[in-house]
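The structure appears right after this line, and notes come after that.
The values are calculated or read from the model by the stated rules, or taken from the named source; none is laboratory data. Bear in mind the structure is a predicted one, so any value in this text is a computation, not a measurement. When we count neighbours, we look across all protein chains shown, and the Cβ atoms used for this are built from the backbone with ideal geometry, even at glycine.
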Amino acid sequence: MLRVDVSKQLGDFSVEVAFTSQGRVTGLFGASGAGKTSLISMIAGLLTPDRGLISVDGEMLDDTSQRLHVAAHRRRIGYVFQDARLFPHLDVRRNLDYGRRMNRLTSDAAQEARLNEMLNIGHLLDRRPGQLSGGERQRVALGRALLAQPRLLLLDEPLGSLDDDRKAEILPYLIRLRDEAGVPMVYVSHDADELRQLASHVVMLKRGRITAFGGVDVLPA
């Protein structure tokens, strides 16, 4: 379960958001400038709220009343950015292994094989990121995040930089992750059709405030 009740002043812009979600995929929906990335950055621990709390599965990660702020690298939260952010000097195999090594986790060959099959990236292991398509880079970024064994996965507009063909290519993998990976996700998007296919709960944001919360039926037609 994800619980968020925070406020944050960012220059002339402010975020004030409170919701609790037990959904497998919680969608954050809104136009550019709605506060989606600011909110997901607070969940990740990259921004500290001015007031409030954030908890995952009952564990408090932020609680300003107790001056508690768990550092980002201690939260066990995976983060997939719009631009994948793979290391260009490492091949796919070493990019995938990065999160596991940084978290000092034991190698799990069965899990690696399952993710390679689930994301269809096993044939890419010896390539560098510069040799991959945009869709392939995003699939590798997903694999890297999942191999770090997160308890929550944050996806910040992961299809935003892809053309329609690449979006159509990667969306089935995201649906499969939702159904098979067993890791709850927060999915940021300004595309209602994406969220209709992926999300179980939707938080609609406008100017840093929630305008609706519920199932995908709250999304605009």
Report, ordered by the first and then the second residue, all pairs with beta carbons closer than 9 Å, sequence separation of six or more or different chains, a first member in the stretch 38-60 that is under 13 Å from R75 (Cβ atoms) and among the hydroxyl-bearing types (S, T, Y), and a second member that is assigned to a helix (DSSP H, G or I) and at pLDDT 95 or above.
-> T48/M42; T48/T64
With respect to S41, determine if the residue is assigned to a loop (DSSP other than H, G, I, E, B) and polar (S, T, N, Q).
-> no
Picking from H89, H73, which residue would you name as being over 13 Å from the mean Cα position of the chain (by Cα), under 25 Å from M102 (Cα atoms) and part of a helix (DSSP H, G or I)?
-> H73
Look through D164, D156 and report the one residue that is touching a helix residue (DSSP H, G or I) at 6+ places or on another chain (Cβ under 6 Å), closer than 19 Å to H190 by Cβ and either modelled with pLDDT under 90 or surrounded by 15 or more Cβ atoms within 10 Å (Cβ to Cβ) (or both).
-> D156
Inside the stretch 171-196, the number of residues satisfying the requirement of being surrounded by fewer than 15 Cβ atoms within 10 Å (Cβ to Cβ) and part of a helix (DSSP H, G or I) is 7
How many of the residues making up the stretch 142-153 are at pLDDT 90 or above, touching a helix residue (DSSP H, G or I) at 6+ places or on another chain (Cβ under 9 Å) and either surrounded by fewer than 20 Cβ atoms within 10 Å (Cβ to Cβ) or not aliphatic (A, V, I, L, M) (or both)?
-> 3
Of the conditions (1) surrounded by fewer than 16 Cβ atoms within 10 Å (Cβ to Cβ); (2) in a strand (DSSP E or B); (3) in contact with a Ser or Thr (Cβ under 7 Å, 6 or more places away or on another chain), D83 clears all except one; give me its number.
-> (2)
Tell me, please, whether a residue that is touching a residue at least 12 places away in the same chain (Cβ under 8 Å), out of contact with any Gly (no Cβ under 7 Å at 6 or more places or on another chain) and on the phi > 0 side of the Ramachandran plot can be found in the stretch 169-187.
-> no
